[in-house]
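Notes follow once the structure below has been shown.
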Ligand code: TXA
Ligand code: MG
């Protein structure tokens, strides 16, 4: 495994050539996107795709997102490109939105876990875009973490979790958004499958959104990967309300039974724990900091992390989803 630092597409030309060649040859390349680092393989080579599942320990029923360099390339992978797909792609690509459509036959079953649909996205990151253009193939890429673990927002996270399994890590520094893309199914109206980097409010400026349970045919739309426990560090995660008066007591109780305890505070100050991180008040800055903070729990061998709950408002929807899954 090699790590190549790449600060921009121009000076990183050699690294990009190498990454593109490895992808074309069926290897695994971890690369930065604006959301989290992806673990990429050629979406055209079943054996390469199989290596992703093996590296992640990912169940074979959980399909992958295919990353492309242009809307034309996305259309070529779809058997039906709906008006909603076009509208959302025009509005948000490149960007943190993944669009699920009926797939074109010929996309290997491994990519889509045997579903009739494929998830597509153009990432908004200079390194990712340059890599996709050079490789000139669709690239299947889940987040570059072990299945159910915390997604990587830095190359060091990928190295620590997946170092033995990838051929190359392109290190483009910390990712900007810090949580995964929003996933929408656009086959029959627009259904939100996973909240993420594009907010529901932003989507609603372009299309009407339907909830997962309310599909017209009565069959709920779903994303196989939305398993309950997910995004979880080694430590146990406990959420607490900002006005919970007994939280210090709960922390001391954990410490009393020998646990090393951390707190992610946002609005209040708490000094009872072994380690206190103050996370940003702003939702975007919070999202950008969250996964690195969770990875730090693993590095610092924390047993229990108490996380102050964030507001139940639209701008916090994706962060609340990740906190809930991390604490399940
Ligand atoms: O921001 C992101 O989306 C990152 C970067 C690398 O692009 N990728 C990512 O991939 O988060 P992953 O595999 O960790 O999450 C993809 C999600 C899973 O929940 C999966 O079940 C869902 O998308 N998905 C993929 N294909 C699907 C399909 N055909 N239908 C419904 N859901 C799908
Ligand atoms: Mg993931």
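Counting other Cβ atoms within 10 Å as a rough exposure proxy, the listed residues 92, 264 run 92, 264 from fewest neighbours to most.
In what sequence do 6, 247 fall when counting other Cβ within 10 Å, fewest first?
247, 6
Be a star and scan segment 150-190 for residues whose amide nitrogen sits under 16 Å from the point 7 Å along the Cα-to-Cβ vector of residue 200. Answer for this model: 182-185, 190. Modelling each spin label as a point 7 Å along the Cα-to-Cβ direction, I'd like the residue 25/residue 8 distance in nm, to one decimal. Roughly 3.0 nm, to one decimal.
For the chain, taking the reciprocal of the average inverse distance between every pair of different Cα atoms yields a Kirkwood hydrodynamic radius of 20.3 Å. Packing around the peptides 256-263, 27-34, 289-296, 305-312, taken as the average count of other Cβ atoms within 10 Å per residue, puts them in this order, highest first: 27-34, 289-296, 305-312, 256-263. GNM remark for the chain: springs join alpha carbons under 10 Å apart, and the peak mean-square fluctuation among 55, 43, 272 falls on 272.
Computed from Cα atoms, the angle from the helix 247-256 axis to the main principal axis of the chain rounds to 90 degrees.
Just want to confirm a number: the relative contact order over the chain, from Cα pairs under 8 angstrom separated by 6+ residues, in percent. Relative contact order here is 20 percent. Taking 86, 317, 300 as the candidate residues, the one with maximal mean-square fluctuation in a Gaussian network model of the chain, Cα springs under 10 Å, is 300. Rounded to the nearest Å, what's the spacing between the alpha carbon centres of segment 66-87 and segment 155-195? Just the number, please. Segment 66-87 and segment 155-195 have Cα centres separated by 19 Å. Between the Cα long axis of helix 46-56 and the first principal axis of the chain there is an angle of about 0°, rounded to the nearest 10.
Seen from every direction in turn and averaged, the convex hull around the alpha carbons of segment 111-249 projects onto 12.4 nm². Helix 126-135 and the long axis of the chain differ in direction by around 30°, with both axes built from C-alpha atoms. Straightening the chain between residue 246 and residue 80 buys 54.3 nm, computed as 0.36 nm per residue apart minus the Cα-Cα spacing. Going from the residue with the fewest nearby Cβ atoms within 10 Å to the one with the most, 212, 194 rank 212, 194.
Normalised by the number of residues in segment 149-201, what is the relative contact order in percent for Cα pairs under 8 Å and 6+ residues apart? The value is 27 percent.
Quick one: grab the alpha carbon gyration tensor of segment 224-315, order the square roots of its eigenvalues as a ≥ b ≥ c, and give me rounded if a/c is under 1.5, else prolate or oblate depending on whether a/b is larger than b/c.
oblate
Counting only DSSP H runs of at least 4 residues, each contributing -39500 (n - 2.57), and dividing by the residue count of the chain, the helix-based mean residue ellipticity at 222 nm comes to -9000 deg cm²/dmol.
For the residues 177, 99, 209, a GNM of the chain with alpha-carbon springs under 10 Å puts the largest fluctuation on 209.
Values in this text are rule-based calculations from the coordinates and carry no lab data. What you see is a predicted model; the values in this text were computed from it and never measured. A quick note on method: Cβ atoms are made from the backbone with ideal geometry, for glycine too, and the neighbour counts reach across all protein chains shown.
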